[in-house]
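Before any comments, here is the structure.
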Amino acid sequence: MAFPAPSPQPSLPGQLPDKEPQPAVFPILQLPPEILLCVIKSVDVGTRAISPTFPCGPSRELLCLSETSVYLHTLCRPLIWRSVNWEPQSIRPPSRRPRQVIEDVEAAREYAARVTRWKARRMRSLLELMQEAKESTRGPIKIKALSYTGYDDGEFGDDSIAAEPDVQALCDILNDHGRQIQVIFLKAVVVGQELGRSLILDILYLPKLSALRLHSVTIHNQSRALDFFDQMMGPLPPLRTLQIMHGSPKLLQLVGCMTDLHSLLLWPGSRQFGSLTPFIVRLLPQLRLLSLDSVGEPGVFDALAEAFEDMSEYQTLPLEELFLEGRQSLPRRQILLESLSHLPKLQRLALFHLREAKPRLIADIAHYTPQLRALTLIHGDASSSVYWPSALQDYVDELKKLKRIEFFAWDRRSPPAPRIARTSDEGEEEERPNQLRLEYSTLHSLGKGLPTLKEAVCVTQDTSEASSGYFAEYSFTPQGARRVDVKKKLVRDFLVDFERWCIIVDE
C-alpha cells in the first residue's frame, strides 16, 4: 500500500533549510505572440551599444534566446538575419603567414591557392548557412542590412588575389539573398577588373537598396571595370544615402547617376571635387544631409555658397546637416557663413580646418544660423586637439546666442593649469592636474553657461573610423541641479549618426 508523502515541516528557529528555494521560472512562452515579439525586439536592440540601423549583426543575447526553443527560434529568425556583419579576423591562418611581403604576382597567386580552402570555409560558410536556413524554413532569408569588411594587412603584393574568393561569395549572397537588402557597407575591398565590375553591378541591381557606403573600395583597371558609368544605364535602385570614402576615383561618378539622393558623403583620396561640384549642386533641392571631407579646392565652397543664395529665391532648401572640411581664406569663409542664412532648416553644422577660430566666428554662426541644434568646430586637421586663441568664457558668451543648442563639439585643448601643492606622508609636493580634470572643468563650464546643452565633446582625434575625446552628458538632479558626466572614450562616427543617414523600412 502506498503511503502519502509527508507534509513539509516548518523549520525551527535558528535552523537553516537543507536547500535554498529556487526562484520561479517566468513562463515566457505563455505570453501572447504580440508581447513576445516586443520582448524579442527589446532583447536584440537593447543589448547592442550601436545603432540598430548600422549593419552590426544580431546580439549574442538574441542568439542565445533563439536557441532555447524551436518556437522562439522561429520568432527570432527575422531579427537574426535582419542585419549581417562580416569582419574577417585574418587574411590567412596565423601559422601560414609569410614573414615577408610576396611581391611577385605569380608567387602570390600560388600562395593564395594554398589557403583558398581555408578562406572559403570562412566566407563561403556564411552563404551555406543562409542556404540551410532558407531550406529548413522553406522561406527566403530577408537580409535588410549587410556590412562586409575585406582584408587589409598588406602582406600580399596583390591583395585582390587573396580577397577574390570572399568577394565572389559576397556576390553570390547578393544574387541569392539580396532582394530585401536596403543598406550595404563595404570596406577595404581590393579586387580585379572583372570581379569588381560584377560586384558594383550586383549592388546597383538590388531592387530595394536605399543606402550604400563604399569605404576604401579599390578596383584594378577601374576605367574598364566601371566603363558602364559612361553609358546610359537602366533604372537604378531608389538610393537615398550614398557615402564614398577613398578607393577608386571613378566610383565617385555614381553621384552623377543619382537623381533623388537625400544624404551624400564624399571623401575622395585625391581631395579633388571639381568635376563633382555640378552634380552636388544639382542635388541640393532634395539633399537633407551633405558632408564633403578633405576638400582641396576652395572653389567648391564658393559654388555651394552661390547655389544656396540663388536657389533660395524660388524654393526652400531642405538641407538639415552640413559638414565641410577644407581650408579657406577668411573672406571666402565669411561668404560661406553668410550663405548659410538661406538654409532655414539647417540644424547641424560642422566646420573643419578653421585656422582662426576666434569668438567672432561663433558670433557670426549664431547670427546667420540661430536655429542650430548641433555645432562642431575643428580648428586644425583633427589629428590632435589644439590650443584656441581666446579664453574659454569668450566662447561661452557667444555660444549663449544659440538658444536651441543641444550638442557642441570642438578640438580646443584646455591650457595647462598651475601646479597644486599637496601634502603627503613624504612631505609637500606639487602636482599638475591631469588632462581629464582640465577638460572636465571646461565641459562643466559649457554646461553651466548653456542650459539647453545635452552633450558636448572635447575632440582629441577624429578619423574616418572613429573619434576619441572627452564626452560629456548633461542632466538634472531631482532637486534641479545641473549634473555632468564626463568620460574619455572612442566613438564610431559620432557626427554621422546612422539613425539619421540610414533608415530601414520593415514590412
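Details
- Selected residue [touching a strand residue (DSSP E or B) at 6+ places or on another chain (Cβ under 6 Å) and assigned by TED's automatic domain parsing to the domain that holds Pro298] from Glu313, Glu325, Glu338, Glu320: Glu325
- Members of segment 131-163 found to be modelled with pLDDT under 70, of a type in the set (A, V, I, L, M, F, W, C) and either in contact with a helix residue (DSSP H, G or I) (Cβ under 6 Å, 6 or more places away or on another chain) or part of a strand (DSSP E or B) (or both), listed by number: Phe156, Ile161, Ala162
- In segment 429-471, residue modelled with the lowest pLDDT [restricted to those that are under 16 Å from His379 (Cβ atoms) and either in contact with a His (Cβ under 7 Å, 6 or more places away or on another chain) or polar (S, T, N, Q) (or both)]: Ser467
- Leu214 vs. criteria surrounded by 15 or more Cβ atoms within 10 Å (Cβ to Cβ) and under 21 Å from Val505 (Cβ atoms): no
- All conditions but one from (1) touching a Ser or Thr at 6+ places or on another chain (Cβ under 6 Å); (2) surrounded by 15 or more Cβ atoms within 10 Å (Cβ to Cβ) apply to Leu252; the one that does not is (1).
- Lys208 being at pLDDT below 85, surrounded by fewer than 18 Cβ atoms within 10 Å (Cβ to Cβ), within 23 Å of Leu79 (Cα to Cα) and out of contact with any Lys or Arg (no Cβ under 6 Å at 6 or more places or on another chain): no
- Residue list for segment 164-181, restricted to those being in a helix (DSSP H, G or I), at pLDDT 85 or above and among the charged types (D, E, K, R): Asp172, Asp176
- Apart from one condition, Gln272 fits all of (1) of a type outside the set (Lys, Arg); (2) surrounded by fewer than 20 Cβ atoms within 10 Å (Cβ to Cβ); (3) touching a helix residue (DSSP H, G or I) at 6+ places or on another chain (Cβ under 9 Å); (4) more than 22 Å from Leu214 (Cβ to Cβ); the exception is (4).
- Search result, residues across segment 384-402 that are of a type outside the set (Ser, Thr, Tyr) and either over 28 Å from the mean Cα position of the chain (by Cα) or within 20 Å of Asp462 (Cα to Cα) (or both): Val386, Trp388, Pro389, Ala391, Leu392, Gln393, Asp394, Val396, Asp397, Glu398, Lys400, Lys401
- Answer residue from segment 436-469, given it is out of contact with any Phe, Trp or Tyr (no Cβ under 6 Å at 6 or more places or on another chain) and of a type in the set (Val, Ile, Thr) and is nearest to Val396 (Cα to Cα) among those: Thr442
- Top-ranked residue of segment 490-507 - restricted to ones that are surrounded by fewer than 13 Cβ atoms within 10 Å (Cβ to Cβ) and among the charged types (D, E, K, R), ranked as modelled with the highest pLDDT: Asp506
- Single unsatisfied condition, Arg271 versus (1) of a type in the set (D, E, K, R); (2) part of a loop (DSSP other than H, G, I, E, B); (3) at pLDDT 85 or above; (4) under 30 Å from Asn221 (Cβ atoms): (3)
The values are calculated or read from the model by the stated rules, or taken from the named source; none is laboratory data. Computed from a predicted structure; not experimentally measured. Positions of Cβ are backbone-derived with ideal geometry, glycine not excepted, and every protein chain shown enters the neighbour counts.
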